[in-house]
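A short worksheet on the structure shown next.
The values are calculated or read from the model by the stated rules, or taken from the named source; none is laboratory data. Just so we're clear, the structure is a prediction, and the values are computed from it rather than from any experiment. We place every Cβ from the backbone using ideal geometry, glycine too, and count neighbours over all the protein chains shown. Quick note on the areas: whole protein, heavy atoms, side chains included, nothing else; ligands and nucleic acids left out. Shrake-Rupley method; radii C 1.70, N 1.55, O 1.52, S 1.80 Å.
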Amino acid sequence: MTLKRLLLTISLMILPIALAGQGQGVRPSELPKPLGESWPTYSGDYSGKRYSSLTEIDRTTVKNLSLAWVARLSSGSGEGGGRFGRGGGAPVIIGGEGPPDLPAVPANVKGTPLMVDGTLYVTSPDNAWALDARDGRERWHYFWRTKGSTPIANRGVGMWNDYLYMVTPDNYLISLDAKTGKERWNKVAADFNQQYFSTSAPIIVDNHVMVGTGNDLDSPGYLQSYDPVTGEVQWRLYTVPMKEGDVGLDTWPSLEAAQHGGAHPWLPGVYDPETRLYIFGTGNPIPAYTLGRGEGDNLFSCSLIAVHVDTGKMAWYFQTSPHDMHDWDSAQTPILIDAVVDGKPRKLVSTAARNGYFFTLDRVTGKKVVVTKYGSATNWVKRIDASGSLRRNPDKDPLVPGALVSPPSGGTINWEPPAYSPDTGLFYVAEKNAYAIFYLTDPDPRGSMGLGGKEEVRVGSAGNFLTAIHPTTGKVAWRRPYPGESGGGGGGLLTTAGKLVFSGDAGGNIVAYDAETGKPLWHSRIGNVSNAPTTYMLDGRQHVLVAASDTLYAFAIYR
């Protein structure tokens, strides 16, 4: 037997073993259960808590946490490697409709990998990988040849049985076979020519694959549900009024303004199995900084929205930034919490918004329970009315002579997911405080579409913290300063039953904090953390997984 034939024989022998190790995927009936040894959806489970019940790594053992493996990812077509392409690496499957000579966007993991049946499913814009969760070895790599668009991030895949779903920057929803990476189908999710771009991780409930849109120009936002088998659209919910008679149209100066009003749901939401409501946030109105939107609230921009997953009908909304004037999206993933308020058990949903305010609502009705400021320097609210609606101070709008505002447009928090521990009863979020002067440079909205028409000058920091909040009162339990002026929080947070909170800091460290006090207990310098840490149990050992740009780091305790 020649060496070439021998290598081919070994390769064919290994492939079935690798496929068998990938198991049966994620059954829809498993997703409503609390998070266990795997990590099967964006937030771990439907609640958004990013809370793991694993306890091997706790406040006493975390000091022994050691590096288990490192894996560096390479984007693109895999030329020079890949069994299905060239060389002897993992198979590379190529899809897409873009030109072959368009350079691939460098890998940057800003989403949440899934861990199912010993396999990690990881994404970066236009790319997905399956890796062995034991050692980071690549099993397959899928590459999408893009037509272009804005490759700002990809938040991860959704999984339904043994199928995967992901979006591309040029607005396709793709389904892959989880065992092989082979493409099953692709569907156009939004119009590439209208400057949409897609980043969100699909959330799957029963036979609904839900994913929202992104766009910073002048197109309407929407959430759309797809059939997981065929990819056909089941329903679409627009997040701005689109026709005469629609609720909220009176908050815009005209139907045309509403139809071009933005409000994109560009991050994943959460799901309540009892009410069958999917709750998600929406982005800023458009134009973001200038006149042209009247003086109304511009519904349903910067809002939490609850939608029935079976019908696509809106059940309620709550607007966190009425008539936003600073690009303070409220698209952040909220958290479902069951707690006692005034002696009564309540079903709640909480969010720390980009505008520096914290909200806890009744998740059945959408009514206010708590509205309070958590951004230490936040200064743009004139009053809070009885319903909890924030009324802005017009003096803080972008002005020709300038307005000193906190937070800047990047927000007190941005896309980075928070976490909640039922053990401590605390909501954890990265809090970034800074000031900026907003100058209005073009008062005519015809010359300042999208995010145009203003200049923003940063003028200083007011401190950055890992902050723990009591969600039923809004009171801050503690603040742990992040060193330096560039913030912290990495790409989001993880909390565990080991009474720990994991977070990146501004010094390039992944840090484990005491969940009750905020005291740092362990750290490892890996470079700037780019996604929210996750954890899983494999072969009797708990792992903590986190990314810094194109590299994944897995940690575990070795005795």
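Values computed for the structure shown
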quantity	calculated
Checklist (1) touching a Gly at 6+ places or on another chain (Cβ under 7 Å); (2) β-branched (Val, Ile, Thr); (3) buried (at least 20 other Cβ atoms within 10 Å of the Cβ) applied to Thr441, failing item	(3)
Wholly enclosed strands (runs of 3 or more DSSP E) of region 503-544 bearing at least 2 residues open to solvent by less than 10 Å² (accessible area, probe 1.4 Å) and over 24 Å from Gly463 (Cβ atoms)	534-538
Meets criteria (polar (S, T, N, Q) and either at pLDDT below 90 or in a helix (DSSP H, G or I) (or both)) for Ser43	no
Positions within region 328-347 being under 29 Å from Asn393 (Cα atoms) and in a loop (DSSP other than H, G, I, E, B), in sequence order	Trp328, Asp329, Ser330, Ala331, Gln332, Thr333, Pro334
Residue in region 472-517 that is farthest from Ser549 (Cα to Cα), counting only those that are β-branched (Val, Ile, Thr) and touching a Leu at 6+ places or on another chain (Cβ under 7 Å)	Thr496
Count of region 549-559 residues which are open to solvent by 10 Å² or more (accessible area, probe 1.4 Å) and assigned to a strand (DSSP E or B)	2
Residue count, region 465-490 (criterion: open to solvent by 10 Å² or more (accessible area, probe 1.4 Å) and not in a loop (DSSP other than H, G, I, E, B))	7
Residue list for region 185-231, restricted to those being without any contact (Cβ under 8 Å) to a residue 40 or more places away in the chain and among the charged types (D, E, K, R)	Asp191, Asp227
Checking Arg184 against (1) at negative phi; (2) crowded, with 18+ Cβ neighbours inside 10 Å, the condition it does not meet	(2)
Residue identified as touching a strand residue (DSSP E or B) at 6+ places or on another chain (Cβ under 6 Å) and open to solvent by less than 20 Å² (accessible area, probe 1.4 Å) among Asn393, Asn433	Asn433
Some residue of region 85-99 being modelled with pLDDT of 90 or more, within 23 Å of the chain's Cα centre (by Cα) and assigned to a loop (DSSP other than H, G, I, E, B)	no
Elements of type strands (runs of 3 or more DSSP E) contained in region 359-400, each with 3 or more residues being touching a residue at least 12 places away in the same chain (Cβ under 8 Å), more than 24 Å from the chain's Cα centre (by Cα) and within 18 Å of Gly296 (Cβ to Cβ)	390-392
Residue satisfying all of: in region 406-430; open to solvent by 10 Å² or more (accessible area, probe 1.4 Å) and hydroxyl-bearing (Ser, Thr, Tyr); nearest to Ser503 (Cα to Cα) among these	Tyr420
So Thr150, is it under 27 Å from Thr230 (Cβ atoms) and among the hydroxyl-bearing types (Ser, Thr, Tyr)	no
Residues that are open to solvent by 40 Å² or more (accessible area, probe 1.4 Å) and either of a type in the set (Phe, Trp, Tyr) or modelled with pLDDT under 95 (or both), drawn from region 161-175	Tyr163
Count of region 187-233 residues which are part of a loop (DSSP other than H, G, I, E, B) and either closer than 17 Å to Pro169 by Cα or in contact with a helix residue (DSSP H, G or I) (Cβ under 9 Å, 6 or more places away or on another chain) (or both)	23
Pairs where the first residue, in region 492-504, is farther than 18 Å from Trp478 by Cα and modelled with pLDDT of 95 or more and the second is of a type in the set (Lys, Arg) and assigned to a loop (DSSP other than H, G, I, E, B), C-beta under 7 Å, 6+ apart	Gly498/Arg59
Every pair of residues 6+ apart whose Cβ atoms lie under 8 Å, when the first sits in region 253-282 and is under 20 Å from Ser330 (Cα atoms) and open to solvent by 50 Å² or more (accessible area, probe 1.4 Å) while the second is charged (D, E, K, R) and not in a helix (DSSP H, G or I)	His260/Asp218
Scan of region 444-462 for residues that are open to solvent by 30 Å² or more (accessible area, probe 1.4 Å) and either touching a helix residue (DSSP H, G or I) at 6+ places or on another chain (Cβ under 6 Å) or assigned to a loop (DSSP other than H, G, I, E, B) (or both), ordered by number	Asp444, Met449, Leu451
Qualifying residues in region 223-241 (those that are open to solvent by less than 10 Å² (accessible area, probe 1.4 Å) and on the phi < 0 side of the Ramachandran plot) - the one nearest to the chain's Cα centre (by Cα)	Leu223
Top-ranked residue of region 139-154 - restricted to ones that are open to solvent by 10 Å² or more (accessible area, probe 1.4 Å) and in a loop (DSSP other than H, G, I, E, B), ranked as nearest to Ile174 (Cα to Cα)	Thr146
Among residues of region 46-67, those that are outside any loop (DSSP other than H, G, I, E, B) and touching a Lys or Arg at 6+ places or on another chain (Cβ under 8 Å), counted	1
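One line per residue, one yes/no per condition, for (1) of a type in the set (Asp, Glu); (2) under 30 Å from Val205 (Cα atoms); (3) open to solvent by less than 40 Å² (accessible area, probe 1.4 Å):
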position	(1), (2), (3)
Gly296	no, no, yes
Ser301	no, yes, yes
Gly312	no, yes, yes
Trp316	no, yes, yes
Phe358	no, yes, yes
Thr365	no, yes, no
